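In what follows, a structure is listed as structure tokens, so that the remarks can point back to it.
The values are calculated or read from the model by the stated rules, or taken from the named source; none is laboratory data. Values in this document were obtained by computation on a predicted structure and should not be read as measured data. Don't worry about glycine lacking a Cβ; one is built from the backbone with ideal geometry, like all the others, and counts go over all protein chains shown. Just the protein is used for accessible areas: all its heavy atoms, side chains included, with ligands, DNA and RNA removed. Shrake-Rupley method; radii C 1.70, N 1.55, O 1.52, S 1.80 Å.
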Amino acid sequence: MRIKITRSGTGGGVLAFAAGELEAYLTRMLPEEGAALEVTLEAGDDPDGRETFAVDMTESGGTVTGSCPRGVLLGVYDYLRRLGCRFPGPGRQWDVVPAIDRERLRAKYEKRASFRHRGVCIEGADSRENVLDFIDWLPRVGYNSFFLQFKTPYTFLKRWYHHENNPLREPEPYTEADAERDMAVFEEATGRRGLLLHRAGHGWTGEVLGYEALGWDADPAPLAEDRRELAARVDGVRELWQGVPANTGLCFSNPRAADALASLVVNYARENPSVDYVHVWLADTFNNVCACENCQKTTLSDQYAAVLNEIDRRLTGAGLSTRIVFLLYQELLWPPVKERLCNPDRFVLMFAPISRTFEASYSLDGPEKPIPPYVRNRITLPTDLQENLAFLRGWQQIFAGDSFVYDYPLGRAHYGDLGYVHIARIIGSDVKKLGRMGLDGYVSCQELRAALPNALPNYVMGYTLLDGSADTEALIREYFQAAYGEDWERVLEYLSELSRLSSCDYLNGKGERVDPGIARRMREACALCRAFAPVPENGRADGPGWRLLAYHQKYTLGLARSLELLAEGRQPESLAAWRALGGLIRENEPEFQPFLDVYRVLEVTANYTGFRGLEA
């Protein structure tokens with residue numbers, strides 16, 4: 001059967017990609033015989049991230065229109081989903097593509113995205129293919145943006161190519177120049193799909209001090225004497241904080257520091273016009289703020305707002321419309337006392353509650369809590385959800401502009417959810433509360449390789465951000481049917497019970513390490529794991545779902561046993577069990593690389609769960 005697709009409007013490259021996708025999937029789905037199918041794709045030029053699209057199709061063809069080219073692509077994928085296609089994970093090996101007859105093509109509906117900001121930020125250890133597969137997946141499940149952290153994502157790719165945390169693999173060459181080349185490929189991939197591009201974030205402070213801060217690595221080079229006065233004075237000295245440029249604060253009472261940071265940001269925006277959002281963040285640690293006499297006369301947030309205003313003034317003078325994302329995080333959770341952002345339209349507020357619990361969703365109905373007093377270099381990060389929201393409300397009283405939450409369910413906490421069903425439900429609930437929180441979206445700071453046992457959490461996140469009325473439980477059922485076929489209910493019951501027994505907080509380092517309740521739950525998780533048969537009852541297994549379940553069973557037994565022993569206080573045995581888990585996942589990484597981030601799970605369990613302390 002011949003499929004003819006015509007295109008009109010703006011964004012020819014994105015429309016060409018959308019046309020190719022629609023034609024490829026319909027060709028696979030429809031019978032070969034039959035009259036030609038004629039479809040028109042038409043895009044407007046509305047740059048608003050809250051896209052709209054409309055589908056009007058009959059057996060002989062029709063139209064997919066969008067408020068912008070990206071809206072058309074989202075409309076194409078939404079229509080394919082309505083026809084029965086499913087996209088359960090990054091990489092096209094996950095695709096579920098049904099055979100249909102032409103009568104199924106009939107559809108007439110419109111949609112408007114519920115939230116403007118719907119994205120993912122790169123973390124962990126990633127290959128080029130991991131990044132490209134994830135970019136390819138994003139619009140399929142409703143996302144509209146991607147965040148390549150730092151000026152290049154060198155640190156995330158070199159972790160993979162150097163095989164950090166896996167001595168069983170020989171390191172491969174990977175340089176900053178390689179990252180520059182890969183960045184161009186990633187930008188082309190996001191551009192082809194019309195995705196909004198976020199860049200930078202951490203690293204600015206290190207660059208002001210003369211370092212090329214592309215990650216959190218320590219730098220052996222001493223702080224140059226002509227830059228020393230720009231560094232934060234902490235405990236009476238101005239040095240790199242623990243040797244890490246990206247973690248070192250600045251002395252913003254020194255005009256040179258503020259001027260240097262503003263110049264770097266403006267030059268970056270001028271040289272990178274394809275970047276839609278430039279993130280301007282400060283040092284990535286807390287309790288190391290400059291305590292010199294002049295800095296103590298104000299707050300870090302007031303100094304931050306003043307620098308942001310200077311960046312805006314220079315961008316405006318240069319005729320640049322680049323949006324600037326500012327960060328509510330660590331000391332910057334406390335709103336400024338006096339300073340205000342002069343041009344709110346330039347800025348996007350990003351609320352980053354990194355220390356929150358993931359045992360429960362955002363709590364909006366309890367009594368409001370006050371913001372605790374700010375004590376320089378003596379702060380404690382909030383874990384309580386109401387206390388986290390108090391900081392957001394404080395900022396919202398002085399800034400009414402665009403905003404989103406930058407959250408971490410798949411950055412550390414997800415390793416504590418052995419079944420991934422709990423964390424998916426938390427995500428679904430959180431997204432549904434964003435409107436009441438006064439936030440217009442969600443960017444997930446996370447590992448891209450977060451698909452063991454499956455990629456359910458990102459699936460729920462993407463579709464709920466696209467349609468805030470989506471039923472989380474319906475999405476979960478839809479996902480399991482696609483990933484596991486006729487035997488899906490048995491798998492859902494099994495993974496849901498594993499999730500019930502799990503604790504995101506315990507693995508994430510919250511609470512006492514000796515905990516009889518956690519030990520009991522981990523024993524039960526091990527017993528449940530051993531009793532489950534990770535093979536489909538009908539013997540047919542399409543896609544990676546069942547193969548991952550079998551590996552996940554071994555992984556879960558190793559992790560749950562090490563946590564059980566740790567919670568019992570049997571430290572030497574728990575350390576031995578954790579090392580055995582490391583051996584298992586390192587040996588199997590070549591086969592299961594896209595699904596489990598070996599570097600990151602070992603780093604998290606070492607540093608947060610506490611196994612590195614046992615080794616010491």
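Within 18 Å of PRO167 (Cα to Cα), open to solvent by less than 20 Å² (accessible area, probe 1.4 Å) and of a type in the set (D, E, K, R): which single residue out of GLU564, GLU589 fits that description?
Of GLU564, GLU589, the one residue that is within 18 Å of PRO167 (Cα to Cα), open to solvent by less than 20 Å² (accessible area, probe 1.4 Å) and of a type in the set (D, E, K, R) is GLU589.
Residue-by-condition table, conditions (1) acidic (Asp, Glu); (2) closer than 23 Å to ASP542 by Cβ; (3) open to solvent by 30 Å² or more (accessible area, probe 1.4 Å); (4) not in a helix (DSSP H, G or I):
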position: THR6; (1), (2), (3), (4): no, no, yes, yes
position: LEU15; (1), (2), (3), (4): no, no, no, no
position: PRO47; (1), (2), (3), (4): no, no, yes, yes
position: MET57; (1), (2), (3), (4): no, no, no, yes
position: ARG70; (1), (2), (3), (4): no, no, no, no
position: GLY84; (1), (2), (3), (4): no, yes, no, yes
> If the Cβ limit is 7 Å and pairs must be 6+ apart or interchain, which residue in region 425-443 that is more than 23 Å from VAL325 (Cα to Cα) pairs with which residue that is assigned to a loop (DSSP other than H, G, I, E, B)?
Replying inline: ILE426/PHE358; ILE426/SER361; ILE426/PRO409; SER429/SER361
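Against the definition (farther than 30 Å from LEU456 by Cβ, at pLDDT 95 or above and open to solvent by 50 Å² or more (accessible area, probe 1.4 Å)), how does ALA184 come out, yes or no? So that I can check it myself, show each step before the final result.
Details: farther than 30 Å from LEU456 by Cβ: yes; at pLDDT 95 or above: yes; open to solvent by 50 Å² or more (accessible area, probe 1.4 Å): yes.
It is true that ALA184 is farther than 30 Å from LEU456 by Cβ, at pLDDT 95 or above and open to solvent by 50 Å² or more (accessible area, probe 1.4 Å).
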> Just checking, which of GLU537, GLU497 is at pLDDT below 95 and either closer than 25 Å to SER355 by Cβ or not hydroxyl-bearing (Ser, Thr, Tyr) (or both)?
Replying inline: GLU537
> Does LEU328 fit the bill of being crowded, with 21+ Cβ neighbours inside 10 Å and touching a residue at least 40 places away in the same chain (Cβ under 8 Å)?
Replying inline: yes
> Of the numbered conditions (1) out of contact with any helix residue (DSSP H, G or I) (no Cβ under 6 Å at 6 or more places or on another chain); (2) modelled with pLDDT under 95; (3) surrounded by 15 or more Cβ atoms within 10 Å (Cβ to Cβ), LYS369 satisfies every one except a single condition; which is it?
Replying inline: (1)
> In region 126-174, which residue that is under 15 Å from TYR599 (Cα atoms) and of a type in the set (Lys, Arg) is most open to solvent (accessible area, probe 1.4 Å)?
Replying inline: ARG169
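Residue by residue, here is whether (1) assigned to a helix (DSSP H, G or I); (2) in contact (Cβ under 8 Å) with a residue 24 or more places away in the chain; (3) farther than 29 Å from ARG500 by Cβ; (4) of a type in the set (Gly, Ala, Ser) holds:
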position	(1), (2), (3), (4)
GLY411	no, yes, no, yes
LEU418	no, yes, no, no
ILE423	yes, yes, no, no
GLN446	no, yes, no, no
ASN458	yes, yes, no, no
GLY468	no, yes, no, yes
> When the residues of region 378-403 are filtered to those that are over 30 Å from ASP48 (Cβ atoms) and open to solvent by 20 Å² or more (accessible area, probe 1.4 Å), which remaining residue is modelled with the highest pLDDT?
Replying inline: ARG378
> Are there any pairs with C-beta distances below 7 angstrom linking a residue in region 350-378 that is without any contact (Cβ under 8 Å) to a residue 60 or more places away in the chain and of a type in the set (S, T, N, Q) to a residue that is part of a loop (DSSP other than H, G, I, E, B) and open to solvent by 20 Å² or more (accessible area, probe 1.4 Å), with the two at least 6 apart or on different chains, and if so which?
Replying inline: SER355/LEU381; SER355/THR383
>> Give me the residue from region 421-436 that is open to solvent by 10 Å² or more (accessible area, probe 1.4 Å) and in contact with a helix residue (DSSP H, G or I) (Cβ under 9 Å, 6 or more places away or on another chain) and, out of that set, nearest to GLY142 (Cα to Cα).
In response: LYS432
> Across region 489-508, what is the total count of residues that are surrounded by 23 or more Cβ atoms within 10 Å (Cβ to Cβ) and charged (D, E, K, R)?
Replying inline: 0
> Any chance region 87-103 includes a residue that's within 22 Å of LEU15 (Cα to Cα), in a strand (DSSP E or B), open to solvent by 10 Å² or more (accessible area, probe 1.4 Å) and in contact with a strand residue (DSSP E or B) (Cβ under 9 Å, 6 or more places away or on another chain)?
Replying inline: no
